[in-house]
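Notes to accompany the following structure.
The values are calculated or read from the model by the stated rules, or taken from the named source; none is laboratory data. Here the structure is a predicted model, which means the values were calculated and not measured. Note that we place each Cβ from the backbone using ideal geometry, even for glycine, and neighbour counts take in every protein chain shown. For the accessible areas, the whole protein counts, side chains as well, though only heavy atoms, and no ligand, DNA or RNA atoms are used. Shrake-Rupley method; radii C 1.70, N 1.55, O 1.52, S 1.80 Å.
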Amino acid sequence: MKTKNLIDVKNLSVSFGNNIILNKINLHLSKKESLVIIGKSGSGKSVLLKCLMGLLKPNLGSIKIDGVDIVNTNRIDKENALKNIGVTFQNGALFDSLTVWENITFKETRFFGFDKKAAKQKALSIIQNLELDKNILELYPSELSGGMQKRVAIARAICDQPQVLFFDEPTSGLDPITGKIINDLIHKTVKKLGVSAITITHDISSINNLASRVILLDNNKIAWSGKPNDMNKSKNNIVMQFLINK
């Protein structure tokens, strides 16, 4: 029987030597929910995301993706569960030697046998849905602005129609206007595809634009969880300090 949540995290703990990064984290992601995880630098946000992506194995706890515990299962079941996830990394992480269309369809051409014509057609369809100009398909990442690279990274993440999207600091390094454009694009894409999303950020505008629920990490634990509208009214000292420092 499959869980009603797409992701369930139970008692997740990560330590590097004597340095505790995450201590008994419990969270869930429901279908069509947009969860935003915030916290100051060093609070464990990126480590948590790496665990959710299967890149880092925690010391303790479980991570179930659509009912499959990717921490305590075999490699094949883990990889099958992770196929339902699309990721955009903090700095885009596009392949410099590949064109835009090759970046977008990297998984399809390398693992699913798409030929060049089919891959280019799929890339074209995706960028048109994201309201991007088709002329960028043959460009290389170095020929794109930072904001455009972020958009291409989103296109790559949604190419194989995942159930869940992970966004790691999607507006990092962008000016406020471009950051708003990216936030609006993420919001529109998540709603249009009907997928769930987890966004790691420290950007207040990302919280307001993207979140249906917010989790604040502090001192290795979840210090606060609630709706975005409740943040400004919260009397939690850690929430208040986070907002003031922003």
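What is the spin-label model distance, in nm, from Asp160 to Leu124 if the labels are put 7 Å beyond Cα along the C-beta direction?
2.4 nm
Sorted by average packing, counted as other Cβ atoms within 10 angstrom per residue and highest first, what order do 4-17, 200-213 take?
200-213, 4-17
Kindly rank 67-78, 34-45 from highest to lowest mean number of other beta carbons found within 10 Å of each residue.
Packing proxy ranking, top to bottom: 34-45, 67-78.
When only Cα pairs under 8 Å and 6 or more residues apart are kept, what is the percent relative contact order across region 1-79?
36 percent
I'm a student and want to see the number: the projected area of the Cα convex hull of region 3-64, averaged over all directions, in nm². Don't skip to the end; give the middle numbers.
Values: hull surface 17.2 nm².
That works out to 4.3 nm², a quarter of the Cα hull's surface.
Can you give me the angle between helix 116-129 and the longest principal axis of the chain, using Cα atoms only, in degrees from 0 to 90, rounded to the nearest 10?
60 degrees
Please state, as a whole number in µm²/s, the translational diffusion coefficient that the Stokes-Einstein equation yields for region 2-147 at 20 °C and 1.002 mPa s, with Rh defined as the Kirkwood radius across alpha carbon pairs.
121 µm²/s
Subtracting the Cα-Cα distance from 0.36 nm times the residue separation, let me have the gained length for Lys117 to Leu56 in nm, one decimal.
Length gained between Lys117 and Leu56: 18.4 nm.
Between Lys180 and Ser13, what length in nm is gained on full extension when 0.36 nm per residue of separation is reduced by their alpha carbon distance? Kindly include the intermediate steps, with their values, before the conclusion.
Working: separation 167, 0.36 × 167 = 60.12 nm, distance 3.38 nm.
Value of the extension gain: 56.7 nm.
Against the 2.2 N^0.38 Å scaling, with N counting residues, where does region 154-220 land? I'd like the Cα-based Rg ratio to two decimal places.
That works out to 1.11 for region 154-220.
Once the Cα atoms of helix 146-158 and of the chain are each reduced to a long axis, what angle between those two axes, in degrees from 0 to 90 to the nearest 10, is obtained?
90 degrees
Find the Rg to Rh ratio for the chain, where Rh is the Kirkwood radius over alpha-carbon pairs and Rg uses the same atoms.
Across the chain, the Cα-based Rg/Rh ratio is 0.97.
Let me check against my output: what whole-number percent is the relative contact order of the chain, with C-alpha pairs under 8 Å and at least 6 apart?
Relative contact order, the chain: 25 percent.
Suppose every K and R has +1 on its Cβ and every D and E has -1 on its Cβ; what is the size of the dipole of region 1-137 about the Cα centre, in Debye to the nearest 20?
Around 280 debye, computed over region 1-137.
How large is the accessible surface of Arg151 in square angstrom, using a 1.4 angstrom probe and rounding to the nearest 10?
Number for this one is 60 Å².
If I build a Gaussian network model for the chain, linking alpha-carbon pairs within less than 10 angstrom, which residue out of Leu137, Leu174, Leu55 has the largest mean-square fluctuation?
Of the options given, Leu55 has the highest mean-square fluctuation.
Taking the Cα atoms only, what angle lies between the long axis of helix 176-193 and the longest principal axis of the chain, rounded to 10 degrees?
80 degrees
What accessible area per residue comes out for region 145-246, rounded to a whole number of Å², with a 1.4 Å probe?
Per-residue value: 47 Å².
What is the Cα centroid distance between region 132-160 and region 1-73, reported in whole angstrom?
29 Å
Could you work out [θ]222 nm for the chain from helices alone, using -39500 (n - 2.57) per DSSP H run of at least four and dividing by all its residues? Round to the nearest 500 deg cm²/dmol.
Taking each H run of at least 4 residues, the total per residue is -10500 deg cm²/dmol.
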